[in-house]
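A short worksheet on the structure shown next.
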């Protein structure tokens, strides 16, 4: 991708109403555009990041054995009436059609996935099973804030599992928990599994996956000596108390929820009166589990964690590109031709190798402006072709997370990039 062809370029000024780091940097760097509070367009670079996060989530869900589907976001009122959600869920967007029918915009999919699956899985032999989707969701938030971390329209992975026993659900939950922790590790995040109330979804205890960040909306207590973590809202302990493990004192922190797991019990099968036949030929309602990951929210959390005074520092796993290639101008026409030729050659070689590269080929833009844009955008590796670098025998190599730059010979650049990707 050439910067000169990109329509969504960086801005010198941060948005005046940005309250959080992700809101400021993602808009200023040209990753997203705010249409209105809680609703964003994902621009070319931003969409690349979103898709990279989505693919990591997809790979781990597939490894669990879950099957991907795509369900509607426009739901009939009747389904929500059966579960009681039409009148009890205050964030539900409701739409009246000119035909006189009422609909809901999906803020979750229990009302759709239950009849979808249980109308097809009617024998105990078909269980356990799990389906998931990665799709847009809608919630009528009173105050959409924190950039893309709390929106009225957001991108989410939601998985639903169906089981014939509580023991089997518990088994699958443990596998899903490990898959979640692996996902967040691949995304460059450390998530704590936090006990929380089930909220509107269930009266049972649920689990949230929390990442520590000052931009978060939850307060948690955690222990450095073990995995203990609890949401302050339901905690029977307080900061400074000894952890139940008997070792460290509990610490408090602000955190952002990036994923959750709910034990839904038999509620939704009972609501729709959809059951399976067990080994004895009796009708039974399956135990269901719901597992969510906020894909767009995670993108915001990553920016909150990986940034400095100059801009974003994307982890390699989700970065929009691997290499930010920069060519600089020279006052000497013959040297400029050499710079242009070497930069174009490297750009094409990287592309042939399947390495994603963002080429800042803009003419008439100062080195300082190009470097500032590179830092703001935050691609992991910057390679500069200039009169100065060629005089020193190659290209300037600088990793975004490092303050140091070095010269790499043009013959060694490709090999060095490949090693960088694998490291």
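Take the Cα of residue 88, step 7 Å along the line toward its Cβ, and report every residue of region 254-290 whose backbone nitrogen sits under 19 Å from that point. Answer for region 254-290: 261-274, 285-290.
Once you keep just the Cα pairs under 8 angstrom separated by 6 or more residues, what percentage relative contact order results for region 1-88? Taking the mean separation of contacting Cα pairs over the length of region 1-88, I get 15 percent. Between residue 5 and residue 78, the contour length at 0.36 nm per residue exceeds the Cα-Cα span by 21.4 nm.
Using C-alpha pairs below 8 Å separated by at least 6 residues, the relative contact order for region 3-308 is 19 percent. For region 3-308, a Kirkwood hydrodynamic radius built from all Cα pairs, placed in the Stokes-Einstein relation at 10 °C and 1.306 mPa s, yields a translational diffusion coefficient of 77 µm²/s.
With Cα atoms defining each centre, region 236-274 and region 105-138 are spaced 24 Å apart in the structure.
Sorting 388-396, 7-15, 316-324, 249-257 by their mean Cβ neighbour count within 10 Å, with the most densely packed peptide first, gives 316-324, 249-257, 388-396, 7-15. Angle of helix 413-422 to the longest C-alpha principal axis of the chain, folded into 0 to 90 degrees and rounded to 10: 20°. Taking N as the residue count of region 1-82, its C-alpha radius of gyration divided by 2.2 N^0.38 Å amounts to 1.51. Computed from the C-beta positions of residue 175 and residue 236 and an R0 of 51 Å, the FRET efficiency is 0.95 to the nearest 0.05.
Based on alpha carbons, the Rg and Dmax found for region 52-128 are 15.6, 44 Å.
Helix 295-305 and the longest principal axis of the C-alpha atoms of the chain enclose an angle of approximately 50°. Between residue 387 and residue 51, what FRET efficiency follows from the Cβ-Cβ distance if R0 is 45 Å, with the result rounded to 0.05? Efficiency for this residue pair is about 0.75.
In this simple spin-label model, placing a label point 7 Å from the Cα along the Cα-to-Cβ direction at both residue 333 and residue 116 gives a separation of 6.4 nm. Using the average count of surrounding beta-carbon atoms within 10 Å as a protection proxy, the listed peptides 18-25, 117-124 rank, highest first, as 18-25, 117-124. Where both residues lie in region 323-422, what percent of DSSP beta bridges are antiparallel, nearest 5? Of the beta bridges lying entirely in region 323-422, close to 50 percent run antiparallel. For region 323-422, the relative contact order comes to 30 percent (Cα pairs under 8 Å, sequence separation of at least 6).
Taking 7 Å steps out from each Cα toward its Cβ at residue 102 and residue 71 produces label points 2.1 nm apart.
How large is the Kirkwood hydrodynamic radius of region 323-422, counting all unique pairs of alpha carbons, in Å? Across region 323-422, the inverse of the average 1/r is 13.5 Å. Structure remark: mean-square fluctuation, Gaussian network model of the chain, C-alpha springs under 10 Å; the largest value among 331, 185, 177 belongs to 331.
If I take R0 = 56 Å and measure r between the Cβ atoms of residue 252 and residue 412 in this structure, what FRET efficiency does the formula 1/(1 + (r/R0)^6) give, to the nearest 0.05? Calculated transfer efficiency: 0.70. The slack between residue 277 and residue 35, meaning 0.36 nm per residue of separation minus the straight C-alpha distance, is 82.2 nm. Separation of region 24-79 from region 333-380 is 29 Å, based on Cα centroids.
Any read-out appearing in this document is the output of simple, stated calculations on the displayed coordinates, not a laboratory observation. Just so you know, these numbers come straight off a predicted model, no measurement behind them. Please note: Cβ atoms are built from the backbone with ideal geometry, for glycine as well, and neighbour counts cover all protein chains shown.
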